[in-house]
Amino acid sequence: MSKRVYVAYTGGTLGMQASENGFVPARNFLEPFFTSLGSAITSQFSFTFNEYTELIDSSNATPQDWLDIARDVKAHYQDHDAFLILHGTDTMAYTASALSFWLQGLDKPVVITGSQIPFCLERSDAVSNVTNALAWLKMEALSEVGLCFHDRLLRGNASSKVKATQLDAFDSLNQPWLGKMAIKPKLNYANLLPKPISGSDWQLPTQADNNVAVLRIFPSMTANLLKCAFDSGYTGVILQSYGTGNAPDKDLELLQTIEGYTAEGKIIVNLSQCPYGEVDSAYATGSRLAQAGVISGNTMTVEAAFTKLHVLLQQSTDRDDVIKLFQQNLCGELSQL
């Protein structure tokens, strides 16, 4: 029996065409593209295509788009065996991370992919990426959100775009790959999330809040930036610090500002700026942030920390509950380096 695959085309480089203002997402892309893959591949599946009404360049993607995709998956979940999301590369890791948190407890695979070169151009990586994604979707052991690109399958909430102009654009620097494409697809079974005992009844809102900001600490940074973030209405801030979670502990105004906001109930997360990074507060400059009420982002990517906090803040108004859940490993986002 062929696998029933739901394909959502959200936009992105993969289906772009040239315009007067540069490449833009093109309509009526899905069926011609999948026909080009050939019957040897497509005959193994039964496809349902959904080309989104408003195709987006992923640079324009917002938390509402993540939620809309999650709601789309939920609406078609019972009638399909696997889900393929075609997406732009710039914020693909954010979308993959967000989907993993909105759709916790998956017992079917959701794989997101795209391309660095549009399908309409020579040397496009669109066909190989989609073909590889379909190969992963056939794997019965896979039951989580994965990001497929080039020769690898990555955990969605462990992935980051690390190269702007090369075909192996994505990697998971703090976690091993979920799979590698060789002559035969090779899953890393030891690193896969286990299939849940029972399916999840996802309670997804209709509207997404823009409630989280990201600030990167830099030499001479003042407390005014943090004040601007919270004065603008954000309820959570990801603070990207130096090394293993260090910040300038001689800037008393910055520390007092942080303490004031955490005392008010605002949530501030300490995340390393280093791509291969972990927050452990071994230094005094890092422990001072913890004393000020800042919580550790551990080994999470900025994409995972940002989307995880975003989802948790939408699911609960209880600060203690959000902090407790943020520090738990909900769907494979935390790892030990």
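The values are calculated or read from the model by the stated rules, or taken from the named source; none is laboratory data. Computed from a prediction, not measured in an experiment: that's the story for all the values here. Please note: Cβ atoms are built from the backbone with ideal geometry, for glycine as well, and neighbour counts cover all protein chains shown. In case anyone asks, the SASA skips ligands and DNA or RNA and just uses the protein heavy atoms, side chains included. Shrake-Rupley method; radii C 1.70, N 1.55, O 1.52, S 1.80 Å.
Going out from 0 in 5 Å bins, what whole percent of all Cα-Cα distances in the stretch 246-337 drops into each bin?
Spelled out per bin, shortest first, that is 3, 14, 24, 23, 21, 12, 4, 0.
What accessible area per residue, rounded to a whole number of Å², is obtained for the stretch 1-109 using a probe radius of 1.4 Å?
Numbers: 4570 Å² over 109 residues.
In whole numbers, the stretch 1-109 has 42 Å² accessible per residue.
Leu121 to Glu31: FRET efficiency via 1/(1 + (r/R0)^6), r the Cβ-Cβ distance, R0 25 Å, to the nearest 0.05?
0.80
Given R₀ = 41 Å, what would the calculated FRET efficiency be for Tyr189 paired with Leu252, taking r from the Cβ atoms and rounding to 0.05?
Rounded to the nearest 0.05, the efficiency is 0.20.
Please check: in the Gaussian network model of the chain (C-alpha springs, under 10 Å), which one of Thr91, Thr222, Thr244 has the largest mean-square fluctuation.
Thr222
On full extension of the chain, what length is gained from Arg216 through Glu20, given 0.36 nm per residue of separation minus the C-alpha to C-alpha distance?
Answer, rounded to one decimal: 67.0 nm.
Using the reciprocal of the averaged 1/r over all distinct C-alpha pairs, how large is the Kirkwood radius of the chain in Å?
20.7
Once neighbouring chains are kept in place and the probe is 1.4 Å, which whole percent of the accessible area of the chain is contributed by carbon and sulfur?
Values: 7520 of 14930 Å².
Ligands and nucleic acids excluded, carbon and sulfur give 50 percent.
Below 17 Å, Cα to Cα, which aspartates and glutamates can Lys227 reach? Residues fewer than 8 away in the same chain don't count.
Leaving aside aspartates and glutamates fewer than 8 places away in the same chain, those within reach of Lys227 are Asp251, Glu253, Glu259, Glu264.
Whole Å is fine, so just give me how far the alpha carbon centre of the stretch 145-167 lies from that of the stretch 195-258.
Cα centres, the stretch 145-167 to the stretch 195-258: 24 Å.
To make sure I understand the rule: partners must be aspartates and glutamates, Cα under 14 Å from the Cα of Lys163, and not fewer than 8 residues away in the same chain. Which ones qualify?
Partners found: Asp90, Asp171.
Reachable lysines from Lys324, Cα under 17 Å, same-chain residues fewer than 8 places away excluded?
Lys266, Lys308
Return the distance in nm (one decimal) between the two label points of a simple spin-label model at Gln166 and Gln64, each offset 7 Å from Cα along Cα→Cβ.
3.7
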